[in-house]
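Trainee: Take this structure first; my questions come after.
Throughout, read-outs are computed from the coordinates displayed, never taken from laboratory work. For clarity, every value in this text was computed on a predicted model and none was experimentally measured. Glycine also receives a Cβ, built like all others from the backbone with ideal geometry; neighbour counts cover every protein chain displayed.
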Amino acid sequence: HQDEEKLTEYLDELEFLAYTAGATVEKRFTQKLSQPDSRTFVGSGKAEEIKNFVKENEIGTVIFDDELSPSQLKNLEKEMEVKILDRTNLILDIFAQRAQTSYARTQVELAQYQYLLPRLTRMWTHLERQKGGIGMRGPGETEIETDRRIIRDRITLLKEKLKTIDRQMATQRNNRGKVVRVALVGYTNVGKSTLMNALSKSEVFAENKLFATLDTTVRKVVIGNLPFLLTDTVGFIRKLPTQLVESFKSTLDEVREADLLIHVVDISHESFEDHIDSVNQILMEINAHQKPMIMVFNKIDAFAYEKKDEDDLTPATKKNISLEEWKKTWMAKSKYPTVFISALSKENFPEMKKMIYDEVHKIHISRFPYND
Ligand code: GDP
């Protein structure tokens, strides 16, 4: 990683992921290398340092922020004699824990097998197997122990199963007819579920953890006299494992087939601009970047000036910019309607609702020109 601030932030996020998976983090290790060591990712000295810490403190797992190659994983486990996880494995584990429908479970299982396949050998040769725990949920023990051929067969089967469900879901989407469809998109933990709840008065699970939402939820919402369908989608995240992007195709189809996107941003997060970029990147990848979009900057209640004393107006952002100043930056030039809200306190909700109403209405009258 190039700059210190970014590094801290990436590791904060990784720690948050670990916490979401149910782990507590004891210590962080960082190292500056021009490129990762091909054998052990970190250099041998750093590996030794980590190993000693692990031994002395009876640490159960070491997590790396990047995807490790199969041989790096193998070497690290052999040397450190501890369970090694990389970011992909950790994220897959969280998805596995949270998959609620058979569809989501199938998607995660597929992604896990695809991750596992090239890494099969390491699991059994060097590490006594630990039952349960992070990174071991999902495919059962017996299945992991079988050979690659069986796993490949399983992958084929899962893909077939997903195709069948995909077709069913496509039919369901078609049956929704011409009702305008709106999808909430945004980085993970920005408040999409909270906003969904507030708009539809339904009870969608919201918590301060990553990926609380795995399955998509569709709710009917009425603003003014205008009904539309609102979908909550899985939170986007940097370095989302490619296996997941692929197997979450149908989740992303909801976005791909939406008429309008509501891009929710957590403006109280110091790297919200990076988050916007990540989301736009994924939207581009699934060819949904040209849809009408509303930018909703959420959590303005948490975006506060940190007043040290009465005269000090230093805002609590790394760029030292107040909300009013932010509004004059690139935001002022945004081609999308933009609104600043708090999904918690419902501040500026009327303004946001009006904005959503206007956009939905535009689409609605293009579809039902005589009914309006
Ligand atoms: P999602 O992952 O995008 O669906 O985010 P959630 O709706 O689960 O919210 C993530 C966390 O942010 C939860 O702890 C929410 O209570 C919190 N949150 C959501 N909206 C707001 C807001 O407007 N202000 C503040 N301070 N917190 C919020």
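Trainee: Going through the stretch 55-117, which GluC sites (Glu not before Pro) have at most 11 other Cβ atoms within 10 Å and a DSSP loop state?
Mentor: Within the stretch 55-117, the qualifying GluC sites (Glu not before Pro) (loop, at most 11 other Cβ atoms within 10 Å) are E58.
Trainee: Further question: What does the net charge come to around E48 if you take all other residues with beta carbon closer than 12 Å to its beta carbon, with K and R at +1 and D and E at -1? Numbers along the way, then the final one.
Mentor: Values: positive: K46, K51, K55; negative: E49, E79.
That works out to +1.
Trainee: Please compute the net charge surrounding V222, taking Lys and Arg as +1 and Asp and Glu as -1 over other residues with Cβ under 11 Å from its Cβ.
Mentor: Numbers: positive: K201, R219, K220, K353; negative: none.
Local net charge: +4.
Trainee: Then there's this: Loop only per DSSP, at most 14 neighbouring Cβ atoms within 10 Å: give me the trypsin sites (Lys or Arg not before Pro) in the stretch 1-103, ordered by residue number.
Mentor: Qualifying residues, ordered by number: K27, R28, K32.
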